[in-house]
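**Student:** Shown below is the structure under consideration.
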Amino acid sequence: MVKVLAAKIQKSNKSYDIVLGITNGGIVPAALIARELGINHLQFIPIRNKILHKYEMPRLYKEKKYLVIDEIYDTGNTFSKVSHAFKMLDCDFAFLVSRYSKSTSIFVGKILNHRKYVIFPWERKKSL
């Protein structure tokens with residue numbers, strides 16, 4: 001899914017200065033997407049328990065172009081919070097998967113079209 005999403009972003013001919021990963025689910029995909037796109041600057045948006053912790057935000061600049069990454073577009077709540085907080089910045093959003101097709105201008109690796117629970121490889125706990 002990372003390679004599919006990265007290919008879609010590259011096909012758009014857009015370029016980015018910084019990749020922002022939404023914690024916790026977007027940390028791994030953000031690092032992988034940044035590597036695929038050759039972007040060396042990676043920062044994280046602190047969201048815990050569905051709350052954006054603005055006081056922990058990294059310093060962001062209006063003159064930079066950001067690519068915000070999360071693992072899944074589900075209810076849209078996280079997307080809404082982050083897009084509202086970043087409305088003064090030049091940001092695009094990308095998700096590995098989305099529950100349903102959206103007409104918004106976000107990049108999506110795969111449309112699920114189902115409500116089944118998704119467990120990503122980095123979420124699995126190994127038995128000891």
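**Student:** Relative to the present Cα-Cα distance, how much length would full extension add between LYS14 and MET57 at 0.36 nm per residue of separation?
**Tutor:** Values: separation 43, 0.36 × 43 = 15.48 nm, distance 2.44 nm.
Difference between extended and current length: 13.0 nm.
**Student:** Something else now. Would you mind checking the pairs LYS14/LYS50; LYS11/LYS81; LYS3/LYS65 and listing those with alpha carbons more than 23 angstrom apart? Write out the running numbers ahead of the final one.
**Tutor:** Working: LYS14/LYS50 29 Å; LYS11/LYS81 27 Å; LYS3/LYS65 21 Å.
The answer is LYS14/LYS50; LYS11/LYS81.
**Student:** For a quick check: with amide H placed at 1.01 Å from N, whose amide H comes under 5 Å from LYS110's, ignoring anything fewer than 5 positions away on the same chain?
**Tutor:** VAL97, SER98
**Student:** Residue separation times 0.36 nm, minus the C-alpha to C-alpha distance between GLU36 and SER101: what's the value?
**Tutor:** Details: separation 65, 0.36 × 65 = 23.40 nm, distance 2.41 nm.
Using 0.36 nm per residue and subtracting the Cα-Cα distance, I get 21.0 nm.
**Student:** For ASN77 and HIS114, compute 0.36 nm times the residue count separating them, minus their Cα-Cα distance, and round to one decimal in nm.
**Tutor:** Values: separation 37, 0.36 × 37 = 13.32 nm, distance 1.80 nm.
Here the segment from ASN77 to HIS114 would lengthen by 11.5 nm.
**Student:** What share of the DSSP beta bridges in the range 2-123 is antiparallel, in percent to the nearest 5? Write out the running numbers ahead of the final one.
**Tutor:** Numbers: 2 of 22 bridges.
Of the beta bridges lying entirely in the range 2-123, close to 10 percent run antiparallel.
**Student:** So how long is each side of the chain along the principal axes, counting just the alpha-carbon atoms, biggest first, in Å?
**Tutor:** Each principal axis gives a Cα extent; for the chain these are 43, 35, 31 Å.
**Student:** Can you classify the range 53-128 as rounded, prolate or oblate using the Cα gyration tensor, where a ≥ b ≥ c are the square roots of its eigenvalues, rounded means a/c under 1.5, and otherwise it's prolate if a/b beats b/c and oblate if not? Numbers along the way, then the final one.
**Tutor:** On the way: a/c = 2.36, a/b = 1.43, b/c = 1.65.
Note, shape of the range 53-128 comes out oblate.
FYI, it's all coordinate maths here, none of it is from the lab. Only a predicted model underlies this, so the values are computations on that prediction, with no experimental measurement involved.
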